[in-house]
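Read the figures in this text as sums done on the coordinates, not as results from a lab. Small disclaimer: the values here were computed from a predicted structure and weren't measured. Heads up, the Cβs are rebuilt from the backbone with ideal geometry, glycines too, and the neighbour counts pull from every protein chain shown.
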Amino acid sequence: MAIEWDMETDLVIVGAGGCGLMAAFVAAKLGVELILLEKDSRLGCNTDLASGSIAAWGTRFQKAAGIAGTPEQMADDIMRKNHGQADRAIVLELCRRTLDVVDTLVDEVGLDLTLNTDAGRFGHSFLRMHNPKGKSGARITRALHEALARFPNATFADRTPGAGLVTDASGAVIGVRAGERGEQSIGATKVILACDGFGANREMLRRYILDIADVECIGAQGNTGDGIRWGLELGAAVEHMSGHQGHGYVIPGYGTRLVPEVPLLGAVMVNADGARFDREDQGYSELAGVLLKQPRGVAYMFFDQWIYDVVLPNEHFRDTVAAGALKSAATIEELAGAFQLDPQRVRATFDEYYANVKAGRDPLGRETFGKLLEAPFYGAMITGTLAHTQGGLKVDVHGRVLRIDGSVIPNLYAGGGTAAGVSGDGASGYLSGNGLLTALGFGLIAAEHAAAALRAG
Ligand SMILES: Cc1cc2nc3c(=O)[nH]c(=O)nc-3n(C[C@H](O)[C@H](O)[C@H](O)COP(=O)(O)OP(=O)(O)OC[C@H]3O[C@@H](n4cnc5c(N)ncnc54)[C@H](O)[C@@H]3O)c2cc1C
């Protein structure tokens, strides 16, 4: 019996974050009629919360700065960090397309991107982070929304959650249910799931990532794993469900965070006993778990005026300053005292650290030392949190969702946090930039593939 749809379209995209907006922009540009459903933009998405650091190779910005790098090198970095757990063909395809992602954002969307030359990132073999002004991911979504609004063939439906998928007798996806109670039915030839992961779903966290299930999630609260659950209902395979990005720079009680440049430029971290306990220049994802194991589950990041000035243009750092989350002092001892740490113990820790750095070594394995700190000093208490999940629906290089037997679920795509990412299991496989790589990359790839399939009829 034919379904009586409330409306019909070529393509429905569920979720208007980085992946969904990129997919919508690319599909709209290719002439596809589409509806972009968003649960509630007032909740914000992870792309809004991000620093907007987009990893890419071969861009005009890198060429101008004399930075050479290839997609193969990027893929090698990602595979090294995820301990070889991701599908290299997918990783490489995503890396290759980063040049197109940057060109699309700059030339067609009108986003103002620059290469971040302040500091590299742990595990990056060449400088590759491209940021919007203020290092604010919200500028990416804003620019994409504005660009999408130019297309009459694209409809953005805010406060209209996707509520489930509709399939025919053969198991092919033929539409979605939408609205708070799934009261609307939308017939669609293709569907892209771009509703991120399950960082805001405690039940799913307890099931898949027990060790961080009760840790604060600083990610968007609308990301409750809906797309992953709908895929599972259709027999989709899932991968790396324990994969996630932890965040080790969050300042408890203030809702703000430090930024990765702070330790990479030279900040020093001590615990509540006033001792250094691990390398400061490690990935911020795995740092989260390291911090949670320290006394009181916190540490103290000390830096100086020079670092403060370098990172001040970052809007997230400005929020931290404005929130009053930093303490400052003329000496290390005074700063330690301001955090109720033993000043003499912290002084001794710094003296030992400086002596080691001058000798060109660090017993804790730090490799990026930055500059030695000079007065005046700043500090923040930091703790570990969950940023977002990285496991999800298994997809192929085109973003098509796969069943457990490897067959394609017809007409269904997934990207960003809804798809299995490229970070493997746990927290330590996340390499800085992996999040937007799969969001913007799969948004572009899935939209192009869906548009081509629609054209081919
Ligand atoms: C603090 C922080 C900083 C980060 N910094 C970076 C960075 O600098 N670089 C980087 O590469 N990665 C970064 N990441 C990771 C990156 O932000 C995410 O991986 C990426 O934004 C995910 O994009 P997405 O489109 O999948 O999801 P999102 O951008 O989260 O968008 C998902 C959207 O789907 C909506 N939604 C959910 N369920 C439904 C439903 N049922 N119906 C309709 N809509 C729905 C949500 O409301 C949301 O708007 C960061 C993450 C955090 C939390």
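Amide H contacts of G58 (H built 1.01 Å from N, in plane; Pro and chain starts excluded): G69 sit under 5 Å, all sequence-distant by 5 or more or on other chains.
Taking θ as phi - 60° and the Karplus parameters 6.51, -1.76 and 1.60, the scalar couplings of segment 352-359 work out to 5, 4, 4, 4, 5, 5, 4, 7 Hz in sequence order, x denoting glycine and proline.
Proximity of backbone amide H atoms, modeled 1.01 Å from N, is registered between G137 and A50, S51, G52 at under 5 Å, excluding neighbours fewer than 5 places apart on the same chain. Semi-axes of the equivalent ellipsoid for the chain, computed as √(5λ) from the eigenvalues of its C-alpha gyration tensor and ordered from largest down, come to 41, 22, 19 Å. Proximity of backbone amide H atoms, modeled 1.01 Å from N, is registered between R159 and E38, D40, S41 at under 5 Å, excluding neighbours fewer than 5 places apart on the same chain.
Quick note on segment 19-84: its Rg to Rh ratio, both from C-alpha atoms and Rh being the Kirkwood radius, is 1.09.
By other beta-carbon atoms within 10 Å, ranking C19, C95 with the fewest at the front produces C95, C19.
Loop sites only, by DSSP: take the GluC sites (Glu not before Pro) in the chain that have at most 14 other C-beta atoms within 10 Å and name the longest stretch containing none of them. It works out to 5-179.
With only the Cα atoms considered, segment 1-143 has a convex hull volume of 152 Å³ per residue. Loop-resident trypsin sites (Lys or Arg not before Pro) (DSSP state other than H, G, I, E or B) in segment 281-326 with no more than 11 further Cβ atoms inside 10 Å of their Cβ: K293. For segment 254-318 and segment 358-416, what is the separation of their Cα centres, given in Å? Result: 16 Å between the Cα centres. The spacing between segment 1-55 and segment 187-239, judged by their C-alpha centroids, is 17 Å. Viscosity 0.890 mPa s, temperature 25 °C: Stokes-Einstein D of segment 316-457 from its Kirkwood Cα radius, in µm² per second? Rounded to a whole number, D works out at 124 µm²/s. In order along segment 300-313, phi translates into HN-Hα couplings of 10, 9, 9, 9, 9, 4, 4, 5, 3, 5, 5, 8, 4, x Hz, rounded to whole numbers, per the Karplus curve 6.51 cos²θ - 1.76 cosθ + 1.60 with θ = phi - 60° and x for Gly and Pro. The alpha carbons of segment 245-386 give a radius of gyration and a Dmax of 13.6, 38 Å, in that order. In order along segment 379-392, phi translates into HN-Hα couplings of x, 9, 7, 10, 9, x, 9, 9, 8, 6, 8, 10, x, x Hz, rounded to whole numbers, per the Karplus curve 6.51 cos²θ - 1.76 cosθ + 1.60 with θ = phi - 60° and x for Gly and Pro. Here's the list of lysines a cross-link from K358 could span, going by alpha-carbon distance under 25 Å and ignoring same-chain residues fewer than 8 apart: K371. Compared with the dominant Cα axis of the chain, that is its longest principal axis, helix 18-29 is turned about 40°. By the beta-carbon count within 10 Å of each Cβ, the least crowded to most crowded order of L291, L454, L372, fewest first, is L372, L454, L291.
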